[in-house]
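Colleague: For reference, the structure I am asking about is given below.
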Amino acid sequence: DKATKDNFKKLFEEVKEEARLQDTVLLYMGGHGDIVGSEWFFIPHDVVTPELEESVKKGGISMKEITETVKGFRAQKVFIVIDSCKSGRIVTALTGFRGFEDRKVLIQLARSTGTYILSASTDKQFASEVKELGHGVLTYAMLEGLGGKAGEKKVTVEGLIHYIKNRLPELTEKHRGAPQWPVSWGTGMDFPLVLY
C-alpha cells in the first residue's frame, strides 16, 4: 500500500539527490503495467480502477516519466528492471522503433558509462507470477542470477541479462506452458553488480 505514485516520485527525487557519479543505480519496479494508446504505464497501488484508461493515464507512471527521471541521475551506471506486464514497450520505444523524440531520450540516457534496461516481457505479453516460486518469474530468475548462477566470481549487468534471457523462457515454459520473453537494451560498458 506504500507503492503510490507520490511515494515513487519522492523516491526518484531522493535517488536523484543522493546518487553520485561513481555510484550504480538499480531501479527495480515490480507490479502491474499496461499500455494506453502507444504509451506504457507502471500502475501504482493507488490506481484503484486500472481497467479505466483515464485512471491509468492520471495515476500511472509513464515510460516518459521513468526515462526523464533516469536522465536526471548523476550516476554513470544505471540498470533499470521492470517486472510488469507489457513492459517490453518501454524498451521498444527507447530503441528507436518509434519517433525521433524517443531516440533523443535514448541518446541522453547513453551519456552514462553504462545504461541498461530489462523488461519482464514483450509489449504484448503478461509477466508471469508462479506461486511455487514465491515471486514473479523475472524476479525469481534475477535472484538466481545475482546469487551466483550468472557468474562465478562476479555478476555483471550483461551477464545477468544473458542469464535471465535464457532462464526466464525455460521457467515460464515449465510452469505456465508457454515461454515469456524478456526484452533488453544496453549501451556503454558492462559493470559488476555482485562480487564474490
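Colleague: List the longest stretch of the chain that has no exposed loop site; here a site is one of the GluC sites (Glu not before Pro) assigned by DSSP to anything other than H, G, I, E or B, with at most 12 other Cβ within 10 Å.
Modeller: Longest gap between qualifying sites, sites excluded: 52-151.
Colleague: Which entries in the list K5/K57; K124/K165; K131/K153; K9/K154 go over 23 Å, if you measure between the two C-alpha atoms of each?
Modeller: The answer is K131/K153; K9/K154.
Colleague: I've got another one for you. With a 1.4 Å probe and every protein chain kept in, tell me what percent of the accessible surface of the chain is carbon plus sulfur. Write down the numbers at each step before the final one.
Modeller: Values: 5500 of 10300 Å².
The value for the chain is 53 percent carbon and sulfur by accessible area.
Colleague: I'd like to check one number: the per residue accessible area of the chain, probe 1.4 Å, reported in Å² as a whole number.
Modeller: Numbers: 10300 Å² over 196 residues.
I get 53 Å² per residue for this part.
Colleague: OK, next. Could you go through the stretch 145-157 in sequence order and give the Karplus-derived ³J(HN,Hα) for each residue, using 6.51 cos²θ - 1.76 cosθ + 1.60 with θ = phi - 60°, rounded to whole Hz, and x for Gly and Pro?
Modeller: Residue by residue, the stretch 145-157 yields x, 5, x, x, 6, 9, x, 7, 9, 7, 10, 9, 4 Hz.
The values are calculated or read from the model by the stated rules, or taken from the named source; none is laboratory data. Because the structure is predicted, anything quoted here is derived from the model rather than measured. Backbone-built Cβ (ideal geometry, glycine too); neighbour counts: all protein chains shown. Surface areas here come from the heavy atoms of the whole protein model, side chains and all, with no ligands, DNA or RNA. Shrake-Rupley method; radii C 1.70, N 1.55, O 1.52, S 1.80 Å.
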